1. Any idea what angle helix 316-329 forms with the longest principal axis of the chain, computed on alpha-carbon atoms, 0 to 90 degrees, nearest 10?
2. In sequence order, what are the phi-derived ³J(HN,Hα) couplings for the stretch 574-582 according to the Karplus relation 6.51 cos²θ - 1.76 cosθ + 1.60 with θ = phi - 60°, rounded to whole Hz, with x for glycine and proline?
3. In deg cm²/dmol, rounded to 500, what helix-only [θ] at 222 nm does the chain give when every DSSP H run of at least 4 residues adds -39500 (n - 2.57) and the total is split over its residues?
4. Given a cut-off of 27 Å, name the pairs among 631/670; 57/92; 578/661; 361/500 whose C-alpha atoms lie farther apart than that in the structure shown.
5. Residues with amide H under 5 Å of residue 235's amide H, sequence separation 5 or more or different chain, H placed in the peptide plane at 1.01 Å from N; which?
6. Run the reach check for residue 296 against lysines, Cα to Cα strictly under 22 Å, same-chain hits fewer than 8 apart removed. What comes back?
7. Determine the distance separating the Cα centre of the stretch 289-348 from the Cα centre of the stretch 112-190; give it in Å without decimals.
8. Using a Förster radius of 41 Å, what is the FRET efficiency between residue 19 and residue 39 based on their Cβ-Cβ separation? Nearest 0.05, please.
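Throughout, read-outs are computed from the coordinates displayed, never taken from laboratory work. In this text the structure is predicted, and so the values were computed from the model without any measurement. Positions of Cβ are backbone-derived with ideal geometry, glycine not excepted, and every protein chain shown enters the neighbour counts.
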Amino acid sequence: MSKKPITPSSKGPSKKRVILFKGISIILVPLLILFLLESCLRIFNYGNNLSLFIEYKGDKDYLVFNPDASKKFFTEQQIATKGNNEIFKKKKDNNTLRIFVLGESTTIGYPYFHNGSFHRWLQYRLTHTYPNKNFEIINLSLTAVNSYTVLSFAKEVVNYEPDAVLIYTGHNEFYGALGAASTQSLGSNPHIINFILNLRNLRLAQLIINFYADTKNAFGTTGLKSGGDRMRLMVAKQEIPYHSDLYKKGVTQFRDNMDETMNLFSKRHIPLFVSNLVSNEKDLKPFISFEADSIKSPGFKTAFNLGLRAFKNNDLNSADTWLKKAENIYSSSALCNYYLGQLAYKQSDFIKAKKYFLKAKDLDGLRFRAPEQFNEILTQLCDKYPETHLVNTRAAFENNADHHIIGEELTVDHVHPNLKGYAIMSDIFYEAIKKYRIIPEATGNEITFKQLLHRMPQNSVDSLAGVYRVLNLKKRWPYNDLHALDSVKTESHEETLAYKLVFENIKWANIMNDLYEYYLGKRELLKARNVLENLALEYPTDPGLYEQIAMLSGELNDSENVIFNFKKSFNLARSFNKARYLFVNYLKIDKPADAIVYIDYAINNNSSGFNLGPIKNNTEQLIQLQKQYLKDTTNVLVLLQIANAYSGMGNRDGTSKYAEKILRTDPENKAALLLLMQIKSKSNK
């Protein structure tokens, strides 16, 4: 039997393969085209890099908050907001504690910004309590944003080695960018919105969005109203009744976004500190109070008006009768509940007053203040996740408010704290990170809250600027106080600078430099130093600022601040002169063990030609003598040796200190008396 020769099959690819290849082509070809388009747009630098951080132009070893990062959240790019410029190292040092701060206008410190914000109070306290540790506190908050921004930023923050993250957010949930009732909305489903936000990182998506926006503008269909400030421009739907569908959408987006944020940090085992929310309860009337239906609630308007008239005439009994009658007829009037709160407050029934005030806030149809439900959500979610801690700012404010009802004594408007409020806010965060051991136990240098209030550097220009911003806010919608700015003055130099800062948009750093020169010219050295300390909080990596502060502290005879600031400057940029100042001042305050490190550096980097050998020998001798003294504090011979060593170095403070110790033990000691006489003689020359 002969075998048939094997010949190639004349059949082509199977139908299944053809369908598979066509299917792959249908998918891959468009993807390839999209990839090429995206690549071309990036090559030609179209659109914006929306990543959270970019390389700092001043030093490639540092990163800084990207000023374009906010554009991801605003459909109208011209009203996108910008935040702080706080730099941090790409590679975190071993001795550095890094804290990120996320939130909105309260979190960034409106109306003071800069050193009025709670994170700067916290920064100052940590830096001075732990002078040998480096703190990077990076505030990524923005005005006019909400939990969508917090969640989006959180997704990137987790990759930058945070030791802790602090969050305060919730008041902008309805009207902030992408909020349920905002002009900058993309719908109401949080999952879809967060998906679109991820797409916006693509330049092709930005091209489509920009084309759509340009088309809307060309046909006059932009979501923005003409005129007005950002607060007004962000509001699409003013009236949001309590428990309405739109209200529930805002609640849902807040719960979902905060849940995802906490889950994200929990999975990465990053300690998270989330604050509950505070607002002006007592001293702010509801912006919008929905009127009762005259058919469904007959008699409400009459009873309310009679009650209000009686209240204004201080007829509290009649006011109580009529307002309660009105509330029984229609319980959803924000104004009626507010005046019932005011009435109960006057009657010293503060528990009932608080209940009415909170209800009035929740019923306010213009939702610039977060409802109480948000605080309940935050409490529930914090209990859900390990390493997520509720920071009870609300309780701290109540403890510092008159009769535990928050009002104008701690706030400047509807939600923003005043300077004391921000200080309290910093304290409650400080105690929280201390409780959960984010910071080490302080070893005797801890700044108490009372000390912080006294020591925190503040200047009148920043304080005035905060007042001016609030007055400018209250002139506009929804306050509409046309006379708000009547009290603004420009009589003093500080008032003039504050005016320029707020109304002429002069840069803050330039204003501070002007203020510093002004105080220096008047020889008001303490005020001048405060301004430099303000600048150092803003620019904590600038060694020149710390050196200037140290020199001014020397003129003020403040050895503690001389040493603190020279050490800061030395650690950032070492030099012989800084080392010299440090060892001289350490010896001046009788700390030879601390001085020796800087003496060694000065010897090894001696650019002066001075013979520092004798100083080192004397310092080493002092260290040994002090050890002997600690073993026997009554040893007059050792005390005399220490006093003579200091005398030989020309250190009058050290000589006096130990000579006086000798005389307390031996009042007739001739050697000690002679040393003091020599010091007095030199002082009189």
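1. 40
2. Couplings: 6, 7, 4, 4, 5, 4, 4, 4, 5 Hz.
3. -17500 deg cm²/dmol
4. Violating the 27 Å limit, Cα to Cα: 578/661; 361/500.
5. 183
6. Within the straight-line cut-off, residue 296 pairs with 324, 325, 359.
7. The distance from the Cα centre of the stretch 289-348 to that of the stretch 112-190 comes to 40 Å.
8. 0.85
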